[in-house]
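Notes to accompany the following structure.
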Amino acid sequence: MLNIVFLDRDTIGPSVDIARPAFAHSWTEFGKTPADLVGERIRDADIVITNKAPIRADAIAAATKLKMIAVAATGYDVIDLAAAKARGITVSNVRGYAVNTVPEHTFALIFALRRSIVGFRQDVIDGEWQRAKQFCFFNHPIRDLSGSTLGIFGSGSLGSSVARIAEAFGITVLFAGRKGASDVPAGRTAFDRVLAEADILTFHMPLTPQTRDMIGLVEFEAMKRRPLIINTARGGLVNERDLVTALDRGLISGAGFDVLTQEPPAAGNPLLGVLGRPNVIVTPHVAWASDEAMQSLWAQVISHVENFETGAPTNVL
């Protein structure tokens, strides 16, 4: 009988029905697992399910029975893939579950910032409307989406879904080519041109050594149209200190971030110092977390575990 350990149940919303595999198994579930307890908790596991609890080489080495790791997320940077591969451990992730929820959250941020919803809401709370001498006032800029240009970094299922929504609003879509690439494939636009021409930039790609700090001060200074910067992908794609500098210098119009380099944010994160600004929105990594998406995610996790047990593993990394 396979021993299954789920390391971080609390990272999946309470509305989700945590169904278990149909085959005979033992099940151990933890709400949270700090990094220093991972090795101890998976030592006797055959299968481990994790969302954000990191499984590094030392924990893998000590888990001599481990055969499979099921990642309850699309991003898999919490897993030492090289160590898992060396041991012959199957690692599977989930894909496509967020094809509605993340693009919708992306556009929620875009709409709120493009039309200054946060600023105007706060003005009403503060009594500005009551003190106004006419039916409306103009404390913040309002821009239409129709006729604007959206630069998308990442052309997978999420980036493509964002593009479809954008086109329905009359937005011109540019899929960015790789940074520094001399050849730009058909359907892509040169990285530097996207920086120069976009009114909004949005990120839908993994965090890798190649994409970390992909956007820094040099890139912000190349943004000719003072765009909005939207990140619902991974913290670290955009250098956060340079982002605040860009806001201070007026190089960009605003920022909507659902992800940060450290989560929850550490004291001293530069974005924490600008949260009160009307052109900054930070949400707590919830773009993925609609009830529907989380239930779909869990169904995938269990299907991958069951497929592995039958000898036909799926979504193998």
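The values are calculated or read from the model by the stated rules, or taken from the named source; none is laboratory data. What you see is a predicted model, and the numbers here were worked out from it, not measured in a lab. When we count neighbours, we look across all protein chains shown, and the Cβ atoms used for this are built from the backbone with ideal geometry, even at glycine.
Here is how the numbers come out for the structure above:
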| read-out | value |
| --- | --- |
| The listed residue being in contact with an Asp or Glu (Cβ under 9 Å, 6 or more places away or on another chain) and closer than 19 Å to S253 by Cα, out of I200, I230 | I230 |
| Some residue of region 154-163 being of a type outside the set (A, V, I, L, M, F, W, C), closer than 14 Å to I229 by Cα, crowded, with 16+ Cβ neighbours inside 10 Å and modelled with pLDDT of 95 or more | no |
| Residues of region 104-119 that turn out to be closer than 16 Å to D144 by Cα and either out of contact with any helix residue (DSSP H, G or I) (no Cβ under 8 Å at 6 or more places or on another chain) or not assigned by TED's automatic domain parsing to the domain that holds R143 (or both), as a count | 7 |
| Residue list for region 60-102, filter: more than 17 Å from the chain's Cα centre (by Cα) and part of a helix (DSSP H, G or I) | I60, A61, A62, L81, A82, A83, A84, K85, A86, R87 |
| Candidate set: region 254-310, residues that are buried (at least 19 other Cβ atoms within 10 Å of the Cβ) and charged (D, E, K, R); chosen: the one farthest from I117 (Cα to Cα) | E309 |
| Region 55-80 residues that are in the same structural domain as P21 (by TED's automatic domain parsing), paired with ones that are surrounded by fewer than 18 Cβ atoms within 10 Å (Cβ to Cβ) and assigned to a strand (DSSP E or B) (beta carbon under 9 Å, 6 or more apart) | K65/N3 |
| Test: residue in region 186-203 that is part of a helix (DSSP H, G or I), buried (at least 19 other Cβ atoms within 10 Å of the Cβ), not assigned by TED's automatic domain parsing to the domain that holds D77 and not β-branched (V, I, T) | yes |
| Inter-residue pairs, beta-carbon under 6 Å, first in contact (Cβ under 8 Å) with a residue 60 or more places away in the chain and in region 277-292, second of a type in the set (D, E, K, R) and in a loop (DSSP other than H, G, I, E, B), 6+ apart | T283/D258; A287/D258 |
| Residues (touching a Lys or Arg at 6+ places or on another chain (Cβ under 8 Å) and among the hydroxyl-bearing types (S, T, Y)) located in region 149-190 | T149, S155, S157 |
| Selection count, region 1-22, where residues are without any contact (Cβ under 8 Å) to a residue 40 or more places away in the chain and loosely packed, with under 15 Cβ neighbours inside 10 Å | 3 |
| Whichever residue in region 23-54 is more than 28 Å from the chain's Cα centre (by Cα), surrounded by 13 or more Cβ atoms within 10 Å (Cβ to Cβ) and touching a residue at least 40 places away in the same chain (Cβ under 8 Å) and, among such residues, is farthest from K85 (Cα to Cα) | D44 |
| Matching residues in region 140-161 - criterion: being touching a residue at least 60 places away in the same chain (Cβ under 8 Å) and either in a strand (DSSP E or B) or outside the structural domain of I117 (by TED's automatic domain parsing) (or both) | T149, G151, F153 |
